[in-house]
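FYI, it's all coordinate maths here, none of it is from the lab. Small disclaimer: the values here were computed from a predicted structure and weren't measured. Note that we place each Cβ from the backbone using ideal geometry, even for glycine, and neighbour counts take in every protein chain shown.
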Amino acid sequence: MDAGELMELGPVLPVVVLEDAEQAVPLAKALLAGGLRTLELTLRTPAAFAGLERISAEVPDIVVGAGTIVTPAQAERAVAAGARFLVSPGSPPTLLNAMLAEGVPVLPGVATVSEVLAVLERGLTELKFFPAEAGGGPAFLRALAGPLPHVRFCPTGGITAANLADYLALSTVPCAGGSRLTPAPLVARGDWAELTRLAALVSSH
Ligand code: 3PG
């Protein structure tokens, strides 16, 4: 699987902040039951690495990746734990090198035209647009599609059920990501049925 195929697995990439590794497997199963086939676990909590291990071992039908990769060491550790793709909020060269060295699909973050061009020089055309809402929203991506129609984006940062369709309407946006699709209170109380219901709403977009 390459980054393009990853983006085409579904219109939504749920971004999850996992507080308790025990929740990883039921969470992944709930998203899968709602029709989602990908899941980005952010490395913002100590539970994230254990979560990657459990999901990759016990729920192989969902493609689990690691997000919030901000150091080269995290890229290696995440893949060792089972991450099948890597997502970063930015794309400095050292970090990008470390992510690419892992041999899994990567979605490096960009927020400006020059950052997009720098990553294009590395041969990547599938990128994360972050922070999407704060960084210009659909209008920014629409403007970029003029000079760069072949570059595809997974916008994240401020994506909600209300603005998701505005992004997915763009020819350069196969999927969008966000944490609001797996609201923390639902996960905290283990409301897997509600999570499946929300996943089904967005996965049918
Ligand atoms: C990310 O890490 O991709 C973003 O923080 C997700 O942004 P959101 O929390 O606004 O969805």
Listed by first then second residue, the pairs whose first member lies in segment 76-90 and is free of Cβ contacts under 8 Å to residues at least 40 places away in the same chain, whose partner is part of a strand (DSSP E or B) and more than 13 Å from the ligand (Cβ to nearest atom), with beta carbons under 7 Å and at least 6 positions apart or on separate chains, are Gly82/Val64; Leu86/Val106
Among the listed residues Glu133, Glu115, identify the single one that is within 12 Å of the ligand (Cβ to nearest atom) and either part of a helix (DSSP H, G or I) or surrounded by fewer than 22 Cβ atoms within 10 Å (Cβ to Cβ) (or both). Glu133
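For segment 19-53, enumerate the residues that are in a helix (DSSP H, G or I), aliphatic (A, V, I, L, M) and touching a Leu at 6+ places or on another chain (Cβ under 8 Å).
Selection gives Ala24, Leu27, Ala28, Ala30, Leu31, Ala47, Ala48, Leu52.
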Go through Ala50, Ala80 for me and flag whichever is surrounded by fewer than 19 Cβ atoms within 10 Å (Cβ to Cβ), away from the ligand (no atom under 16 Å from the Cβ), within 20 Å of Leu195 (Cβ to Cβ) and not charged (D, E, K, R). Ala50
Quick one: how many residues across segment 176-201 are out of contact with any helix residue (DSSP H, G or I) (no Cβ under 7 Å at 6 or more places or on another chain), within 16 Å of the ligand (Cβ to nearest atom) and not in a helix (DSSP H, G or I)? 5
Please specify each residue of segment 138-172 satisfying the condition of being under 19 Å from Ser91 (Cα atoms) and within 15 Å of the ligand (Cβ to nearest atom). Phe153, Cys154, Pro155, Thr156, Gly157
Every listed condition ((1) crowded, with 17+ Cβ neighbours inside 10 Å; (2) out of contact with any strand residue (DSSP E or B) (no Cβ under 7 Å at 6 or more places or on another chain); (3) basic (Lys, Arg)) holds for Arg189 save (1)
